[in-house]
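Visitor: Structure provided below as structure tokens; questions to follow.
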Amino acid sequence: MKPDDFENHLARQSVRILPPEWREEILRAAQAATPSVRGCSPVPARVAPWWHEWLWPAPSAWAGLAAAWIAVVALNQLAAPPSASVQFARTGGRTPSVLALWFDQGAWMAQITTSPAERTERPRRGTNAPRSEVRPMVREA
Amino acid sequence: MPAGTDLDRLYDQHAQALFGFLLNFTRHEGDTRDLLQEIFCRLATRPELLAGARDERAFLLRLGHNLAIDAIRRRATRARHADQLAAETDGTFAPSPNPDEQAFRDALDAGLVELPPEQRAVVHLKLWEGLTFEDIADTLGIPLNTAASRYRYGIDKLRARLRPLYEEIQ
């Protein structure tokens with residue numbers, strides 16, 4: 001694209017000259033900054049460990065990667081099924097199978113401790129027999 | 001660590017171009033001076049910056065551009081009103097003994113202030129640094145088409161603003 005006359009006229013406008021007094025001031029300031037790390041790299045190059053050169057060009061990327069891994073581990077821990085010890089602590093040892101065994105055991109104990117007569121005469125709890133039919137429980141000697 | 005002569009050489013070869021570009025971009029002489037100092041401070045403390053640069057001028061312009069963007073944002077947050085920001089602009093062009101030419105340069109400065117900074121950067125690099133669009137795209141880190149379109153938009157705005165004055169002095 002060839003520039004037209006207007007663009008050529010713009011290009012002929014002289015840009016201001018850099019103030020000459022700036023040269024000494026700027027170069028002196030640059031030389032004075034050489035042994036320090038003011039405003040530039042946070043770690044001087046001559047004492048930077050080997051990992052600094054590896055990590056520093058992109059510290060935010062490494063930090064992001066570490067944060068992502070932490071999040072993955074945390075989510076994995078939250079989603080994992082509870083361990084046997086955790087489950088025992090939550091239920092107090094009363095797992096469904098243990099509870100079923102407990103009730104069966106109670107029923108079995110009831111059976112062996114009561115006589116057949118008592119089992120037949122004594123109305124069961126929860127039955128719908130009228131109160132006149134309920135006989136007081138008398139244990140035979 | 002670059003020797004003092006290297007910094008001197010870099011300054012003598014590139015400081016003028018950096019000054020013109022940064023002054024046009026920031027429109028502020030104080031910020032331009034600070035940016036030049038920051039650039040050479042970094043060159044002094046981290047000489048490896050230039051070690052892999054294919055083109056010293058392009059690298060320094062890119063570094064200056066990135067630093068200038070931060071400077072503009074800081075100044076914009078400090079300025080409470082847009083008119084205060086506009087009042088702080090400094091001219092880019094040398095004074096001319098010809099009054100008509102001076103009037104044109106003043107109008108050109110005003111027109112450049114009105115351009116968005118990124119259009120102004122491309123226009124400056126194209127007109128006053130003579131870079132190709134490919135070099136401009138590489139320097140500013142933008143696609144080639146973006147560089148061309150920003151230049152076209154900027155020039156069209158300047159043309160619309162300066163046409164009456166331009167036709168008078170022709």
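Visitor: At 222 nm, what helix-only mean residue ellipticity would chain B give, in deg cm²/dmol to the nearest 500, using -39500 (n - 2.57) for each DSSP H run of four or more?
Guide: About -25500 deg cm²/dmol.
Visitor: Indicate the helices, whole DSSP H runs only, in chain B that combine a mean Kyte-Doolittle hydropathy of -1.0 or more with a Cα extent along their long axis of 27 angstrom or more. The partial results should precede the final answer.
Guide: Values: long enough: B:4-26 (29 Å, -0.05); B:56-78 (33 Å, -0.33); B:144-169 (35 Å, -0.70).
What comes out of the filter, once short or polar helices are dropped, is B:4-26, B:56-78, B:144-169.
Visitor: Name the long-range amide H neighbours of residue B:93: under 5 Å, sequence gap of 5 or more, or other chain; modelled H, no Pro or chain starts.
Guide: When sequence neighbours closer than 5 places are left aside, the close amide H contacts are A:16.
Visitor: Starting from 0.36 nm per residue, how many nanometres of slack lie between residue A:24 and residue A:66 once their C-alpha separation is accounted for?
Guide: Taking residue A:24 through residue A:66 to full extension adds about 10.5 nm, to one decimal.
Visitor: Tell me whether chain B comes out rounded, prolate or oblate; compute the Cα gyration tensor, take square roots of the eigenvalues as a ≥ b ≥ c, and use a/c under 1.5 as the rounded threshold.
Guide: Verdict is prolate for chain B.
Visitor: Using a 1.4 angstrom probe with every protein chain in place, what is the largest-first accessible-area order of B:123, A:72?
Guide: I get A:72, B:123, largest accessible area first.
Visitor: Compare each residue of region B:43-67 in its chain alone against the assembly with all protein chains, and report those whose accessible area goes down by 30 Å² or more; 1.4 Å probe, heavy atoms.
Guide: Going by heavy-atom accessible area, the residues of region B:43-67 that drop by at least 30 Å² are B:44, B:45, B:46.
Visitor: Mind putting a number on the dipole of region B:6-76 about its Cα centre? Charges go on the C-beta only, +1 for Lys and Arg and -1 for Asp and Glu, and I need it in Debye to the nearest 20.
Guide: Details: 11 positive and 11 negative charges, 63 e Å.
So the dipole magnitude of region B:6-76 works out to roughly 300 debye.
Visitor: Just the number, please: buried accessible area between A and B, total of both chains, 1.4 angstrom probe, nearest 100 square angstrom.
Guide: The buried area between A and B, both sides summed, comes to about 3500 Å².
Visitor: Given the options B:130, B:154, B:111, which has the most mean-square fluctuation in a GNM of chain B, springs set between C-alpha atoms less than 10 angstrom apart?
Guide: Judging by the Gaussian network model, the answer is B:130.
Visitor: In what sequence, largest accessible area first, do B:69, A:26 appear using a 1.4 Å probe?
Guide: B:69, A:26
Visitor: Tell me the carbon and sulfur percent of the accessible area for chain B, rounded to whole percent, probe radius 1.4 Å. Walk me through the numbers before you get to the answer.
Guide: Numbers: 4030 of 8120 Å².
Heavy-atom surface of chain B belonging to carbon and sulfur, 1.4 Å probe: 50 percent.
Visitor: Summing Lys, Arg as +1 and Asp, Glu as -1, what charge do residues with Cβ under 12 Å from the Cβ of residue B:57 carry, residue B:57 excluded?
Guide: Spelling it out: positives minus negatives among the neighbours equals -3.
The values are calculated or read from the model by the stated rules, or taken from the named source; none is laboratory data. Since the model is a prediction, treat every value here as computed from it, not as a measurement. Here the Cβ is made from the backbone with ideal geometry for all residues, glycine too, and neighbour counts use every protein chain on show. Side chains are part of the model used for accessible areas, which takes the heavy atoms of the whole protein and leaves out ligands, DNA and RNA. Shrake-Rupley method; radii C 1.70, N 1.55, O 1.52, S 1.80 Å.
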